[in-house]
Amino acid sequence: MPKIDIVKNVKLRMDNGQMDKLDLADKQKLKRLFLARNKISFPGAICHITQRATGREPLFLEEGDYLYMLHLLKEKAEKFNFTVFCYSLMPNHLHLLIRLSGDNLSMAMKQLYGEYATGFNKKYQRKGHVFGAPFRQALCFDESYFLAASTYIHLNPVRANLIEDPGKYRWSSCKLYVEDFSKKTFVDYKFILRILSNDPSVAQKIYKEMLSKAVRIKVQEIWEDPMGLVSFRNKLMRFLLRVVKGKSKNFLDEQELEGAIAELKMKGRLRSPQTLEARKFLIEQLQARGYTVKMVAEKLTISRQSIYHTLKKPQLNKIDIVKNVKLESIKGKKGGEI
């Protein structure tokens with residue numbers, strides 16, 4: 001996932017408190033930011049969005065209501081050009097995990113929820129508010145929170161005792177993550193799976209195991225405790241660091257990645273096939289985390305042309321490359337250019 005280098009572009013529109021928090025994110029000291037008001041919106045922002053009905057009122061009464069919300073979600077994703085990674089529609093609330101491409105979060109959510117509320121009231125001949133309050137936003141600045149949010153969202157139906165197998169819940173995106181899926185969908189489920197492994201079947205196996213472990217984690221709902229996801233993530237990451245790195249040979253944690261980049265920069269001009277392949281591997285690692293070509297170029301201090309030529313080169317034994325990169329990352333020191 002991308003680090004928040006683009007934070008600097010939006011600070012002028014924020015109050016001092018928000019700026020202080022984004023400064024921490026920029027320094028990688030803040031991994032997640034929860035906001036009930038004063039939403040933050042900028043290109044590349046990864047947001048966990050939650051919204052719920054008024055009081056104990058339902059949001060969805062029948063199949064058509066769920067389908068209408070999914071129709072609107074797809075429509076607004078296309079209109080406002082945001083990426084949907086996962087979702088879960090519950091009887092009285094919903095969760096979304098999305099990535100913005102512009103400064104348009106509030107407008108997108110206003111239209112999504114406003115149009116649903118209008119249609120819901122008209123269908124059931126009712127008046128008044130459908131949603132209880134403004135939507136809530138949690139910004140994910142760290143890969144671990146990204147994975148934790150996805151897992152948390154997909155386990156919502158299980159925690160609510162609606163179903164035992166999260167992959168069987170019809171009104172969430174979980175099925176895309178745990179079963180072979182070839183049909184066209186507006187959900188970019190492959191992005192998260194690629195964080196776990198470049199092999200889809202391996203990634204799905206890891207994700208299933210992650211769900212089976214995470215379902216045992218007892219935390220308060222984030223409606224009651226905004227820090228609930230923090231606790232959930234901390235417990236889940238113990239599993240991730242053990243299982244993902246053990247089963248997916250292509251996974252580097254953030255410390256290893258930074259160390260490997262620093263070590264490669266010290267080598268100066270790259271000539272050997274092994275060091276060129278190591279660069280290719282690091283480019284792929286960054287892209288799997290959502291870095292654009294421009295961001296990769298800045299991170300590695302190389303040109304876009306170099307990235308293009310590196311990715312075109314035939315691949316060597318990837319397992320050996322990963323082992324070498326991990327060994328080099330232990331030494332990680334700053335300096336030089338690639």
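Once amide H atoms are placed 1.01 Å from N in the peptide plane, what residues at a sequence separation of 5 or more from Asn92, or on another chain, have their amide H within under 5 Å of its amide H?
Those lying under 5 Å, H to H, from Asn92 are Leu59.
How large is ³J(HN,Hα), in whole Hz, for each residue of the range 164-169 in order, when computed from phi with the Karplus curve 6.51 cos²θ - 1.76 cosθ + 1.60 and θ = phi - 60°, using x for Gly and Pro?
So the J values, rounded to whole Hz, are 8, 9, x, x, 9, 6.
Return the long-range amide H neighbours of Cys86 (sequence gap of 5 or more, or a different chain), with a cut-off of under 5 Å between placed amide H atoms.
Leu97
So what J values fall out for the range 104-115 if you push phi through Karplus, 6.51 cos²θ - 1.76 cosθ + 1.60 with θ = phi - 60°, rounded to Hz, Gly and Pro as x?
After applying 6.51 cos²θ - 1.76 cosθ + 1.60, I find 9, 4, 4, 5, 4, 5, 4, 5, 4, 6, x, 5 Hz.
Let me know the shape class of the range 66-167, please: from the alpha-carbon gyration tensor, a ≥ b ≥ c as square roots of the eigenvalues, rounded when a/c is under 1.5, otherwise prolate if a/b is greater than b/c, or oblate.
Oblate is the answer for the range 66-167, as a/c is 1.5 or above yet b/c matches or exceeds a/b.
Can you work out the Karplus-derived ³J(HN,Hα) for every residue in the range 121-129? Use 6.51 cos²θ - 1.76 cosθ + 1.60 with θ = phi - 60°, whole Hz, and x for glycine or proline.
Rounded to whole hertz, the list is 5, 5, 5, 9, 6, 10, 10, x, 6.
Let a ≥ b ≥ c be the square roots of the eigenvalues of the Cα gyration tensor of the range 38-96; is it rounded (a/c under 1.5), or, if not, prolate (a/b larger than b/c) or oblate?
Since a/c reaches 1.5 but b/c is at least a/b, the shape of the range 38-96 is classed as oblate.
Taking the mean number of other Cβ atoms within 10 Å as a proxy for protection, how do you rank 200-206, 48-54 from highest to lowest?
Those peptides, ordered most packed to least, come out 48-54, 200-206.
Pairs Lys205/Lys265; Lys39/Lys122; Lys74/Lys110; Lys168/Lys213; Lys213/Lys280: which are spaced more than 23 Å apart, C-alpha to C-alpha?
With Cα atoms farther than 23 Å apart: Lys205/Lys265; Lys39/Lys122; Lys213/Lys280.
Using a 7 Å offset from the Cα along the Cα-to-Cβ direction at both Asn198 and Lys183, what is the distance between the two label points in nm, to one decimal?
Distance between label points: 3.1 nm.
Pull up all non-local amide H partners of Gly44: gap of 5 or more, or a different chain, and H-to-H distance under 5 Å with H placed in the peptide plane.
Leu100, Ser101, Gly102
What spacing in nm lies between the two simple spin-label points modelled at Asn161 and Met266, each 7 Å away from Cα in the Cβ direction?
The modelled label-to-label distance comes out at 5.7 nm.
Want the number for Arg216 to Lys74: 0.36 nm per residue separation, take away the alpha-carbon distance, what's left?
Extra length available between Arg216 and Lys74 comes to 47.9 nm.
A short reminder: the numbers here are calculations on the coordinates, not readings from a lab. Just so it is clear, the structure is predicted and the values come from calculations on it, not from any experiment. A quick note on method: Cβ atoms are made from the backbone with ideal geometry, for glycine too, and the neighbour counts reach across all protein chains shown.
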